[in-house]
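To keep things clear, I will list the structure first and then write my remarks on it.
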Amino acid sequence: MKTKIPHKPSSTFLLLLIFHNLIWISFCSDHDPIALKGIDVEHPAIDVTPVPIHSTSQGSKDIEFCKRVPVHGVSRIKLQNYAKAYRVTVVPSVVIPDKWHSKIHICFHQNASLGLCQCEQDDWKSVHKGLWSSTMSTYEQRFIDVKFVGGVSGSVTVTLDEVSQGWRYVLLAVGTTLLFLAPFVSEWVPFYYTSSMAIGVFAVVLILLYQGMKLLPTGRKSAFYLSMYTSLLGAGSFLVHYVAVFVNSILSNFGFSQEMQNPVSVFLLLLIILLGAGLGYWLVRKYVISEDGDVDDGVALFIKWAMRVIAVTCIFLSSIDTPLATAAVITCLTLYYVVTSINWQDVQAPSLDVPKLWQWSGQRTPKVGRAEFLSRPKNVSPLVNQWNAPRNSFAWSDSPVKGTLNTSGDRGSTGGSQDDFYSTFHRTPNRKRFSKKEWEEFTEESTRDSVNELTSTPEFTEWVIKNANRIKLLPDNGSDGEVSGSDSTDGYLVKNPKKSRFFGW
C-alpha cells in the first residue's frame with residue numbers, strides 16, 4: 001500500500017506563494033548601475049572632496065561644498081548575508097580642525113531621485129567627536145550626501161565594514177521553533193507547572209531580598225533602589241554573605257554553634273525553593289488547570305497566540321533587511337500552514353499481517369460513567385457470569401474505543417453482523433472525531449441496539465425476575481438523560497478543533 005498524504009486545496013496556492021516570494025526577492029535585489037563612484041565590499045573605502053555648489057536655503061545664496069557617495073549592496077539571492085550588516089563610517093581628514101567638525105553634515109538616504117544635498121533639515125546629522133557612523137542592510141542601495149557649511153573645506157574618508165550578527169540566526173531558530181511548538185506547548189500541562197514554579201521561586205527570592213534590604217542602615221526609602229542596584233552589580237555574593245551573617249546571629253542567640261550554619265542555610269535555601277514551587281503550583285491549579293485536569297481552553301488559546309506573536313517577531317528581527325525579513329516571516333508561516341494542513345493520521349505505512357497493539361483484548365480503556373444499582377447482588381446470576389467470562393479480541397466492545405465489535409457467536413445472535421467503531425481517544429490511523437451532535441446520535445443508536453440485544457436474551461429475563469426489587473425507575477423529566485449523557489461522553493467526546501480558534505489554527 002502506498003503512503004498517501006492528503007493536502008488541502010489551498011496548499012498548492014501556498015506553495016506557489018513561496019515560489020513567488022523567492023522570485024520576487026531575486027528580481028527586486030538587482031540594483032541598477034550607478035554612474036557615481038561608490039563603495040562596496042570589494043572597494044570598502046573612498047576619499048571624498050566636496051565640490052562647491054550654490055545654496056538658496058532660507059533666501060540666502062551661500063556657497064556650500066557637497067558630494068554624494070553611493071553605497072552598493074549585494075543581491076538578495078545571496079542568503080549567506082542574511083545575518084550580516086554594513087557599518088558605514090565617515091571620518092574627516094586631519095587637516096580639518098576639531099572645532100569645525102560640527103560644520104560637516106551627513107545625510108544618509110536611499111532616494112536616488114533626490115537632488116544633491118536636498119535632504120530635509122531633520123535628516124542632516126553632524127559629525128560628533130570626529131566620527132559619524134550608521135548601519136544598513138547588505139542588500140540595500142543607499143547614498144551618503146556630505147555637506148560642508150560655514151566656509152569649511154577639505155576631505156572626508158568614507159569606509160564600509162561588513163559586520164556579522166550571528167545572534168540573528170539564533171532569533172530565526174527560536175522563532176521557527178516557537179511557531180511550530182506553540183500548539184503543543186500551549187496544551188502541555190508540565191510546561192505550565194515548570195514555568196510557574198520557576199517564576200514562583202524568583203518571586204519569593206525578590207520578596208525576601210526586598211524585605212531583607214529594609215533591615216540595612218540605608219533606610220526604607222532607598223531599599224528598593226539598593227536592591228536593584230546590587231542585583232545588577234552581582235548581589236549574589238553580597239546576599240549570601242548577608243544571609244550567612246543573619247543566620248549565624250540567630251543561631252548564636254538560640255545557643256547553637258557555628259557548625260550548624262551550613263546545614264541551616266541549606267534548609268533555608270530548600271525552604272525558599274519549596275515555597276516558590278508551591279506558590280507556582282497553586283497558581284497553576286487555581287487559574288490554569290480546569291476541572292478535568294487539562295489546560296483551560298482560554299489560557300491555552302492565549303498562550304498559543306502569544307507564542308506565535310513572539311515567534312513572528314523573532315523571525316522578523318532575524319534580518320536587518322526589511323523585505324527579506326518579511327519574506328522570511330511569510331515563508332515560515334506558509335511552511336507552518338502546509339505542515340499543519342497535512343492529515344498525518346491518514347498517513348499509513350504498508351499493512352502487515354501482525355495484530356496492532358490497539359486491537360488486543362487486554363488493552364485498558366478510560367473509565368466511562370455508567371448507571372449503578374442501589375446495592376450489589378449477593379449471588380452471581382448467569383448473566384453476570386457471562387459478563388465476567390473471558391472474551392476474545394472481537395467478542396465484546398465496552399466502548400467505542402475498543403476497535404471492532406462482532407455480535408455473532410458467543411452472545412447467541414443469529415445474524416453475523418460486524419460493525420467498526422473507530423477510536424475517539426487513541427491515536428490510531430482509523431481515529432474518528434465526533435462533533436457533539438454526531439456523538440449524541442451515535443450514543444443513542446448504540447445504546448438502543450445494545451439494550452434491544454440484551455433484553456432479547458433469556459438470561460436477562462431470568463435476571464430481571466430475580467432482581468426486580470433492586471431496580472429503580474427515574475422520572476422521565478430529562479434529568480436522567482442529562483446525567484447519562486454527561487457520563488457517557490466523559491473521556492470520549494472530542495471537541496470540535498475549529499471552535500473558538502482564529503483561522504482554524
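Here, each number is a calculation from the coordinates, and none is a lab measurement. All values derive from a computational prediction rather than experimental measurement. We place every Cβ from the backbone using ideal geometry, glycine too, and count neighbours over all the protein chains shown.
A few notes on this one:
- For region 57-127 versus region 320-338, the gap between their alpha-carbon centres in whole angstrom: 31
- Taking a Cβ cut-off of under 15 Å around T194, the surrounding Lys, Arg, Asp and Glu residues balance to a net charge of 0, with basic ones at +1 and acidic ones at -1.
- Near the amide H of Y139, within less than 5 Å, lie the amide hydrogens of V74, all on another chain or at least 5 residues away, with H placed in the peptide plane.
- Pairs from K84/K147; K125/K147; K304/K437; K99/K129; K78/K125; K84/K125 whose Cα-Cα separation, in the structure shown, is over 20 Å: K84/K147; K304/K437; K78/K125; K84/K125
- Couplings 3J(HN,Hα) of region 320-332, computed from phi: 6, 7, 5, x, 5, 5, 5, 5, 5, 5, 5, 5, 5 Hz, in residue order, whole Hz [Karplus 6.51 cos²θ - 1.76 cosθ + 1.60, θ = phi - 60°; x for Gly and Pro].
- Positive contributions from Lys and Arg (+1) and negative ones from Asp and Glu (-1), summed over other residues with Cβ under 11 Å from the Cβ of P44, come out at -3.
- Taking other residues whose beta carbon is less than 14 angstrom from the beta carbon of H128, and scoring Lys, Arg as +1 and Asp, Glu as -1, yields +3.
- Taking the charge dipole of region 32-164 about its Cα centre, with +1 at Lys and Arg Cβ atoms and -1 at Asp and Glu Cβ atoms, the residue from L114, V88, S102 reaching farthest to the positive side is S102.
- Note on I250 and D123: the model spin-label points, each 7 Å out from Cα along the C-beta direction, lie 6.6 nm apart.
- Given charges at beta-carbon only (K, R positive; D, E negative), |dipole| of region 32-164 in Debye: 120
- From the alpha carbon centroid of region 181-202 to that of region 263-304 is 9 Å.
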